[in-house]
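Reading through the structure tokens given below for one structure.
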Amino acid sequence: MKGGEDGARDHNGELLPVLSASATNMNYEKLVNTPLPKFTKNYPGSPFFMEVGYFCLRRTWKNQFRTLEVTGIEKVPSDRGTMCSAWHTNGLIDPASIFLTHPKKFVVGGRHDLVTRPILGFWARKFAVQPVVRKAELLRGGCSEEEANYLNGRSLLNLATGISHGFGCALFPEGTSHSESHLIRIKTGPFRTVLAAAAHAKATGANPPVLIPMGLHFRTRHLFRTDCWVEYGDPIQVSNDNLPDDLVQAIKNGEWMEPPSDIVVKLRDALEEKLSPMTPNRDTFSEVHRDGIIAHAERKISGGPELTWREEVLALRELKNHPKSAEVQEIATKVGDTLDGVRLDGRDINSKVDGLRGISAKGFLANLVKVIPLLALLPTIILGLGLQIFGARLLGDDSDEGLDARTSYHLLFGMFGSLFLWPTLATIFTIISVVFNKELDSALGFDWTVIIGTEMWQEAFAMISLWLSLIILFWLSAVSFAIGWDSISDSTKWFRRRKINSKVSSDLVKLRELLK
């Protein structure tokens with residue numbers, strides 16, 4: 001999100017992010033009446049809607065990525081609550097990537113307008129999302145300081161209590177989604193919350209929680225079918241031995257109280273030390289592209305297999321600690337910026353590192369196989385996904401929340417569009433099939449409604465089977481579209497490689513000689 005266009009600054013003198021239209025529309029009464037989470041069951045919100053939401057969200061989220069890898073889940077302890085903290089650059093994709101890979105259900109806190117938006121707000125309330133008023137809203141007059149303190153205190157207390165009861169939680173310490181290539185200044189919310197959870201655990205005899213730094217790595221975060229690696233880091237044990245007794249007693253009594261600032265700062269610094277290396281950790285994305293070129297060139301020179309996305313991220317981390325010479329960096333920067341300008345990267349370098357890849361017979365046949373289901377199911381793809389794709393592109397590309405919010409619209413339209421549009425279309429087509437049964441009988445040569453029998457329940461079963469079959473068809477169409485999109489993307493890359501090859505081939509030869 002862009003910041004500072006109106007000149008507003010926080011108490012540290014830093015420019016505040018410019019608020020979207022949704023963030024400025026604060027309904028305080030509705031926020032106060034947000035459902036509170038429950039801690040006596042396995043679900044802090046509605047069990048039914050949480051399961052439905054997780055199922056639909058997982059299907060849509062996975063379809064967003066071409067490759068997806070999750071590591072470090074074994075580090076999440078099963079006998080206590082966890083607070084997950086990551087950098088925040090990809091809108092709603094970021095929390096979804098944590099919720100859907102973590103082994104536990106979550107108590108959720110988020111920006112206040114998540115619970116007041118149409119449709120999304122309904123689901124947020126069913127998940128018992130606890131609204132948080134950020135400093136940007138407060139300082140711009142969205143509500144009074146007293147109102148914000150009450151609401152935030154209640155929300156953080158509920159999150160802390162949930163963590164103490166063994167649930168997971170995720171708060172992003174930067175406080176806003178952004179487009180930088182490194183951590184921006186981190187706030188104290190996650191650390192105050194997890195320390196309050198430790199105080200509650202001390203009061204109730206539960207195990208104190210852990211704070212888990214997480215790396216959310218996306219090759220090109222705002223593109224459909226990009227690569228994703230979700231990295232769980234080593235947990236930071238949150239001790240409650242040095243927490244003051246008045247804090248423990250207040251949290252036990254259901255009253256929010258701020259943990260001591262020195263303990264908060266110490267925990268914040270410990271998290272920042274671990275979290276910074278789990279981001280690109282570069283001044284600019286040009287440096288990221290530069291080191292990506294070096295990593296892929298070195299792997300190709302050595303004759304090894306193509307770097308996976310996780311391996312590339314780790315190679316970039318190593319190059320941060322052990323950078324190459326200034327000459328290598330200069331050439332790699334030139335190549336990286338040129339390739340990134342046409343949406344190419346180090347993977348497009350050929351095996352000899354003297355130019356860009358051509359097209360192989362194996363790759364051509366693989367892409368042909370991928371695109372056949374897309375073409376075969378094109379009518380149902382247009383029918384079942386057309387409105388979703390149009391809406392996601394229209395709003396996502398014209399969002400006032402910045403490029404980091406683009407995939408949020410893709411995710412929301414993919415999930416809610418499927419949830420509402422597919423059953424509606426399936427119902428309409430089932431009704432049409434019943435109404436025009438005679439015409440279909442003449443065209444098909446059989447009466448589909450009595451295909452398993454003429455009893456009323458058998459005809460009803462046939463109608464339900466048709467309805468479910470249409471839902472499955474729409475789902476298969478969505479999967480075929482995603483896979484077919486990979487084929488189209490690969491094909492267009494070949495044309496871009498041909499066009500740009502002459503501009504980078506001589507620099508790649510120089511780079512190869514320097515890296516040998």
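Is there any pair with a first residue in the stretch 359-375 that is closer than 15 Å to Ala482 by Cα and a second that is in a helix (DSSP H, G or I) and among the charged types (D, E, K, R) whose Cβ atoms are under 7 Å apart and which are 6 or more apart or on different chains, and what are they?
Asn367/Asp490; Lys370/Asp486
Across the stretch 453-497, which residue is farthest from Gly358 (Cα to Cα) among those that are acidic (Asp, Glu) and in contact (Cβ under 8 Å) with a residue 12 or more places away in the chain?
The extreme case among them is Asp486.
What is the residue count in the stretch 244-260 for residues that are among the polar types (S, T, N, Q) and either free of Cβ contacts under 8 Å to residues at least 24 places away in the same chain or touching a strand residue (DSSP E or B) at 6+ places or on another chain (Cβ under 9 Å) (or both)?
So the answer is 1.
Looking at the stretch 335-354 only, could you name the residues that are in contact with a helix residue (DSSP H, G or I) (Cβ under 6 Å, 6 or more places away or on another chain), closer than 16 Å to Glu513 by Cα and either of a type in the set (D, E, K, R) or crowded, with 18+ Cβ neighbours inside 10 Å (or both)?
Matches in the stretch 335-354: Val335, Ile349, Val353, Asp354.
Hey, among the residues in the stretch 391-404 that are buried (at least 21 other Cβ atoms within 10 Å of the Cβ) and in a helix (DSSP H, G or I), which one's modelled with the lowest pLDDT?
Asp404
Every residue in the stretch 193-222 that is surrounded by fewer than 24 Cβ atoms within 10 Å (Cβ to Cβ) and over 16 Å from the mean Cα position of the chain (by Cα), please.
Lys202, Ala203, Thr204, Gly205, Ala206, Asn207, Pro208, Val210 - these are the residues of the stretch 193-222 that are surrounded by fewer than 24 Cβ atoms within 10 Å (Cβ to Cβ) and over 16 Å from the mean Cα position of the chain (by Cα).
Would you pick out the residues in the stretch 94-120 that are part of a helix (DSSP H, G or I) and outside the structural domain of Gly81 (by TED's automatic domain parsing)?
His112, Asp113, Leu114, Val115, Leu120, listed by residue number.
Can you tell me how many residues in the stretch 427-452 are small (Gly, Ala, Ser) and touching a residue at least 24 places away in the same chain (Cβ under 8 Å)?
So the count comes out to 1.
Could you figure out which of (1) at pLDDT below 85; (2) under 25 Å from Phe413 (Cβ atoms); (3) more than 21 Å from the chain's Cα centre (by Cα) isn't true of Leu138?
(2)
State whether the residues of the stretch 492-505 include one that is surrounded by 14 or more Cβ atoms within 10 Å (Cβ to Cβ), modelled with pLDDT of 95 or more, farther than 30 Å from Lys62 by Cβ and among the charged types (D, E, K, R).
Scanning the stretch 492-505 turns up at least one residue that is surrounded by 14 or more Cβ atoms within 10 Å (Cβ to Cβ), modelled with pLDDT of 95 or more, farther than 30 Å from Lys62 by Cβ and among the charged types (D, E, K, R).
Under 6 Å by Cβ, and 6 or more places apart or on different chains, what pairs join a residue from the stretch 390-409 that is closer than 14 Å to Thr176 by Cβ and among the small types (Gly, Ala, Ser) with one that is at pLDDT below 75 and assigned to a loop (DSSP other than H, G, I, E, B)?
Here the result reads Gly402/Met1; Gly402/Lys2; Ala405/Ser399, each pair linking the stretch 390-409 to a residue that is at pLDDT below 75 and assigned to a loop (DSSP other than H, G, I, E, B).
If we scan the stretch 78-93, do we find a residue that is without any contact (Cβ under 8 Å) to a residue 60 or more places away in the chain and either hydroxyl-bearing (Ser, Thr, Tyr) or assigned by TED's automatic domain parsing to the domain that holds Ile186 (or both)?
Yes, the conditions are met somewhere in the stretch 78-93.
Filter the stretch 25-76 down to residues that are within 23 Å of the chain's Cα centre (by Cα) and of a type in the set (Lys, Arg) and give me whichever is surrounded by the most Cβ atoms within 10 Å (Cβ to Cβ).
Filtering the stretch 25-76 for residues that are within 23 Å of the chain's Cα centre (by Cα) and of a type in the set (Lys, Arg), the one surrounded by the most Cβ atoms within 10 Å (Cβ to Cβ) comes out as Arg66.
Restricting the first residue to the stretch 26-44 and requiring it to be over 22 Å from Pro118 (Cβ atoms), which pairs with a second residue that is surrounded by fewer than 19 Cβ atoms within 10 Å (Cβ to Cβ) and among the basic types (Lys, Arg) meet a Cβ separation below 6 Å and a spacing of at least six or different chains?
Qualifying pairs under 6 Å: Pro44/Lys38.
Hey, can you tell me all the residues within the stretch 394-426 that are within 17 Å of the chain's Cα centre (by Cα) and among the charged types (D, E, K, R)?
Glu401, Asp404, Arg406
Any residue that is more than 23 Å from the chain's Cα centre (by Cα), assigned to a helix (DSSP H, G or I) and touching a residue at least 40 places away in the same chain (Cβ under 8 Å) - is there at least one of those in the stretch 271-283?
no
Is one or more of the residues making up the stretch 158-169 under 16 Å from the mean Cα position of the chain (by Cα) and at pLDDT 90 or above?
Yes, some residue in the stretch 158-169 is under 16 Å from the mean Cα position of the chain (by Cα) and at pLDDT 90 or above.
Tally time: how many residues in the stretch 427-481 are more than 32 Å from the chain's Cα centre (by Cα), in a helix (DSSP H, G or I) and of a type in the set (A, V, I, L, M)?
Summing the residues that are more than 32 Å from the chain's Cα centre (by Cα), in a helix (DSSP H, G or I) and of a type in the set (A, V, I, L, M) in the stretch 427-481 gives 15.
Of the residues that make up the stretch 272-293, is at least one in contact with a strand residue (DSSP E or B) (Cβ under 9 Å, 6 or more places away or on another chain), more than 22 Å from Ser179 (Cα to Cα) and either at pLDDT 95 or above or assigned by TED's automatic domain parsing to the domain that holds Ser85 (or both)?
Scanning the stretch 272-293 turns up no residue that is in contact with a strand residue (DSSP E or B) (Cβ under 9 Å, 6 or more places away or on another chain), more than 22 Å from Ser179 (Cα to Cα) and either at pLDDT 95 or above or assigned by TED's automatic domain parsing to the domain that holds Ser85 (or both).
The values are calculated or read from the model by the stated rules, or taken from the named source; none is laboratory data. Predicted model, so just to flag it, every value in this text is computed and none were measured. No Cβ is skipped: glycine too gets one built from the backbone with ideal geometry, and neighbour counts run over all protein chains shown.
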